[in-house]
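Report on one structure; see the data block that follows.
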Amino acid sequence: MLHNEMRRYYRFAMSGQRSLFARAVDFLVLRAIILLGFLVWFYLQTAQPVLSLFLAVIAATMVSVAIALYNSIRLDQFVEREKLRLSRHYLFEQMVLMPAKEFTELIAALARGAGYTVEKCEPYRLFCRKDGADCLLFGLQNHPDQPVSPQQALECYRLARAHNVPKAVLVSTAPVPVQTKTLLQKCADVEFRIWNHERLLDLAQKQSRLPDQKVVEAALMEELYEKRMTMAKLKKRAVDSTRTRGYLVCGGVLAFAALLTGKTLYYPLMAGLCFFLAFLSRFTGPAAPVQDRA
C-alpha cells in the first residue's frame with residue numbers, strides 16, 4: 001500500500017510535474033467534451049433533448065470509468081518503473097559519496113557477480129582473474145560533473161604495465177570522454193574495458209543489490225519535506241511584521257510615481273499590492289524558525 005505522500009508524488013511525476021489545478025482543469029474539460037460529444041450524437045439520432053441528455057450522461061459516465069481504470073493501470077506501471085529509477089538513482093548517489101573502502105568493496109561484490117575472481121583488494125584497485133587471465137579493476141569515484149581525464153586513464157595504464165597485467169577495467173562513476181577513450185585505444189599492450197555508472201547499476205540490479213524500496217522512499221519523503229519547509233520559511237518571511245514599513249514605503253513611492261507619470265494602471269496596481277502586503281505583515285508576528293519533525 002502506497003503512502004499518500006508517495007502516491008501524490010507519483011501522480012505528480014506521471015503528469016509531467018503539472019500542478020493539481022492544471023490536472024483538475026484537464027479532468028473537467030475532458031469530461032465536458034465527452035459529455036457534449038455524446039449529447040450531440042444522441043440528439044442527432046433521437047431528436048429528443050431529455051432522452052439525449054440522459055443517454056449522454058450514462059455514456060459519459062461509462063467512458064469516465066474506463067478512463068479511470070486505464071489511468072489506474074498506467075499509474076501502477078509507472079510506479080514500478082519509477083521505483084526502479086529511484087532505487088538506481090539513490091544507489092548512484094551513494095556510490096559517489098561513500099568512502100573509498102566501501103566503494104571498493106561494492107566494486108568487488110559486483111565483479112564477483114560478473115564472473116571475476118577477486119584475489120586482492122586495495123583502495124580503488126582490485127587484482128582479479130577471469131577466463132584464466134589476470135585483470136586489474138580501477139575504481140574512479142569522480143563526481144558525475146567531472147569526467148574521467150586522460151591523466152587518470154594514463155595512471156591506470158602505467159599501473160597495469162607495472163604489474164604486467166594484460167587486461168584492465170575502468171570502473172567509473174563519471175562519463176569517459178572521447179579524448180580519454182582515444183588514449184586508451186593507443187595503449188595496445190593493455191586491453192581496457194569501461195564500466196560506466198549505467199553498467200554498475202545494471203550489475204547491481206541483476207544481482208539484487210539495489211537499495212530497499214522503503215529506504216529510497218523514506219529518503220525521497222525527507223527531501224520533499226525539506227522542500228516544503230523551505231517554501232514555508234519563504235512565505236513566512238514574505239509577510240514578516242518587520243517588513244511592514246518597507247512595503248508601506250514601496251507602496252507610497254509607486255503611488256507617487258502614478259501621480260507624476262499619469263500611469264493609472266500599472267503603478268496603482270503595484271502600489272495596492274504593496275499596501276496589501278503591508279496589511280498582512282502588520283498582523284503577522286515575527287518570523288519564527290520552522291520546527292523540525294520529532
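The values are calculated or read from the model by the stated rules, or taken from the named source; none is laboratory data. Fair warning: this is a prediction, and the values are worked out from it, not measured in the lab. Cβ: placed from backbone, ideal geometry, glycine included. Neighbour counts: every protein chain shown.
Within the stretch 133-165, the residues that satisfy the criterion of being assigned to a strand (DSSP E or B) and either out of contact with any strand residue (DSSP E or B) (no Cβ under 6 Å at 6 or more places or on another chain) or loosely packed, with under 15 Cβ neighbours inside 10 Å (or both) are Ala133, Asp134.
Here's the yes/no breakdown for (1) farther than 19 Å from Arg209 by Cα; (2) in contact with a Lys or Arg (Cβ under 8 Å, 6 or more places away or on another chain); (3) outside the structural domain of Phe192 (by TED's automatic domain parsing); (4) not small (Gly, Ala, Ser):
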{"position": "Glu105", "(1), (2), (3), (4)": "no, no, no, yes"}
{"position": "Gly115", "(1), (2), (3), (4)": "no, yes, no, no"}
{"position": "Asp134", "(1), (2), (3), (4)": "yes, yes, no, yes"}
{"position": "Ser149", "(1), (2), (3), (4)": "yes, no, no, no"}
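Restricting the first member to the stretch 54-76 and to residues that are within 18 Å of Val40 (Cβ to Cβ) and assigned to a helix (DSSP H, G or I), and the second to residues that are at pLDDT 90 or above and among the charged types (D, E, K, R), the beta-carbon pairs closer than 7 Å and six or more apart or on different chains are Ala60/Arg31; Ser64/Arg31. May I ask you to verify whether Tyr116 is among the aromatic types (Phe, Trp, Tyr), buried (at least 18 other Cβ atoms within 10 Å of the Cβ) and over 30 Å from Tyr9 (Cα atoms)? Answer is yes for this residue. For the stretch 182-198, filtered to residues that are of a type in the set (S, T, N, Q) and farther than 23 Å from Leu210 by Cβ, the residue that is surrounded by the most Cβ atoms within 10 Å (Cβ to Cβ) is Thr182. Restricting Ala100, Ala114, Ala108, Ala133 to residues that are in contact (Cβ under 8 Å) with a residue 60 or more places away in the chain and small (Gly, Ala, Ser) narrows the list to Ala114. Would you mind stating whether Leu91 is out of contact with any Phe, Trp or Tyr (no Cβ under 7 Å at 6 or more places or on another chain), buried (at least 16 other Cβ atoms within 10 Å of the Cβ) and not assigned by TED's automatic domain parsing to the domain that holds Tyr9? Against the criterion (out of contact with any Phe, Trp or Tyr (no Cβ under 7 Å at 6 or more places or on another chain), buried (at least 16 other Cβ atoms within 10 Å of the Cβ) and not assigned by TED's automatic domain parsing to the domain that holds Tyr9), Leu91 qualifies.
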